[in-house]
Amino acid sequence: MHLQELTPAETAFLTAPAAAADDLQARLTRKLAATLSARLRLPVRAVALPVDVGADAAAFPTWQPDAALASLWLTRRLGGRRVMGTTPFVPHTLIHTLDAALAECWLDAAAQATLPAALAWNITTGSTQATLAVRLPHPTTDMTRWARGVIRHG
């Protein structure tokens, strides 16, 4: 049996260096967009933002959704269509959903040597613009322990 020659595109693909592993923010950005789209039953776009944080580290991941995201979550999860006004509190169900997404992304990745102090996103739906940030613990061992606890108890 005679094997066919490889095309130039196939040769380039096979000889290309292995792609660098996705970083946490890129994976989590995709996961957040998919999770929020499914839970809110509308298309959600998440775009990573640069974040400038102080030196104090968190003991565990701490989410900081803005009032627009909290209002969107409550309205859509309770069956509403249009968001009117803002809510003064953040629903626990939103935080649990965000925790689960972060824990899955963290545990699915190869071990990371460093962890950013915080991550942030601009969340966009058809009519709503919101921001979301999360402060992360400094030692990766703390992050792994937290993520395993979320998965185990979630």
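Could you count how many residues in region 116-154 are assigned to a helix (DSSP H, G or I) and buried (at least 16 other Cβ atoms within 10 Å of the Cβ)?
First, pick out the residues of region 116-154 that are assigned to a helix (DSSP H, G or I): 140-153.
Next, only the ones that are buried (at least 16 other Cβ atoms within 10 Å of the Cβ) stay: 142-144, 146-147, 150.
Total satisfying the criteria: 6.
Report, by residue number, each residue of region 62-96 that is closer than 22 Å to residue 138 by Cα and either in a helix (DSSP H, G or I) or among the hydroxyl-bearing types (Ser, Thr, Tyr) (or both). Please lay out each step first, then the result.
Going through region 62-96, the residues closer than 22 Å to residue 138 by Cα turn out to be 62-65, 95-96.
Hits for region 62-96 are 62, 95, 96.
If you check residue 99 against the conditions, is it surrounded by fewer than 17 Cβ atoms within 10 Å (Cβ to Cβ) and among the acidic types (Asp, Glu)?
Working: surrounded by fewer than 17 Cβ atoms within 10 Å (Cβ to Cβ): no; among the acidic types (Asp, Glu): yes.
No: the conditions fail for residue 99.
Test residue 60 against the criterion of being open to solvent by 90 Å² or more (accessible area, probe 1.4 Å), at pLDDT below 95, of a type in the set (Phe, Trp, Tyr) and out of contact with any strand residue (DSSP E or B) (no Cβ under 7 Å at 6 or more places or on another chain), and give yes or no.
Working: open to solvent by 90 Å² or more (accessible area, probe 1.4 Å): yes; at pLDDT below 95: yes; of a type in the set (Phe, Trp, Tyr): yes; out of contact with any strand residue (DSSP E or B) (no Cβ under 7 Å at 6 or more places or on another chain): no.
When the stated conditions are applied, residue 60 does not pass them.
Can you tell me which residue in region 30-50 is nearest to the chain's Cα centre (by Cα), limited to those that are farther than 16 Å from residue 97 by Cα and not hydrophobic (A, V, I, L, M, F, W, C)?
45
Please determine, by comparing only the residues of region 73-84 that are in contact with a helix residue (DSSP H, G or I) (Cβ under 7 Å, 6 or more places away or on another chain) and of a type outside the set (D, E, K, R), which one is modelled with the lowest pLDDT.
83
The values are calculated or read from the model by the stated rules, or taken from the named source; none is laboratory data. Keep in mind it's a predicted model, so treat the numbers as computed, not measured. Glycine also receives a Cβ, built like all others from the backbone with ideal geometry; neighbour counts cover every protein chain displayed. Calculation scope for accessible area: heavy atoms of the full protein, side chains included, ligands and nucleic acids excluded. Shrake-Rupley method; radii C 1.70, N 1.55, O 1.52, S 1.80 Å.
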